[in-house]
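These notes concern the structure reproduced below.
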Amino acid sequence: GGSCDLSEENVHNVSGVFKLFLREMEEPLLPYAFFDPLVHHLDACDPEQLTPEELSGLCDLLSPLPPTNKALLLRVLRFCALVASHSEENRMPSRNVA
């Protein structure tokens, strides 16, 4: 894919377009069949302090995702981690980003 420079754009407009994109997807980024197993897995652990075994289980749950969903989810999670890493400036710790 190509790239575009959004540095001059209003952050609220960019996030609004992204949220619209996610809402307009035919099936959610995490398809319905993944929801209950994922919630069950995350309820059984502390998502902010995952053990290697819990992380492995999470990866196992997500491995059957369609390739495009998996690629987009990875980008979204990396972006969320980047936003949370600047929480001192933007007041968006991981709990707020989620």
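The values are calculated or read from the model by the stated rules, or taken from the named source; none is laboratory data. For clarity, every value in this text was computed on a predicted model and none was experimentally measured. Note: ideal-geometry Cβ built from the backbone for every residue, glycine included; neighbour counts use all protein chains shown. Areas reflect the complete protein model, heavy atoms only, side chains present, ligands, DNA and RNA absent. Shrake-Rupley method; radii C 1.70, N 1.55, O 1.52, S 1.80 Å.
Quick notes
- Per residue, the solvent-accessible area of the chain (1.4 Å probe, heavy atoms of protein chains only, all protein chains present) comes to 83 Å².
- Around residue 77: net Lys/Arg minus Asp/Glu count, Cβ-Cβ under 14 Å: +2
- Pairwise FRET efficiency - residue 9 versus residue 61, Cβ, R0 = 35 Å, nearest 0.05: 0.50
- From most to least packed by mean Cβ count within 10 Å, the peptides 83-95, 16-28 give 83-95, 16-28.
- Compactness of the chain was expressed as the Cα radius of gyration divided by 2.2 N^0.38 Å, which yields 1.22.
- Percent carbon-and-sulfur accessible area, region 1-91, ignoring ligands, DNA and RNA, probe 1.4 Å: 59 percent
- Angle in degrees between helix 67-85 and the longest Cα principal axis of the chain, rounded to the nearest 10: 70 degrees
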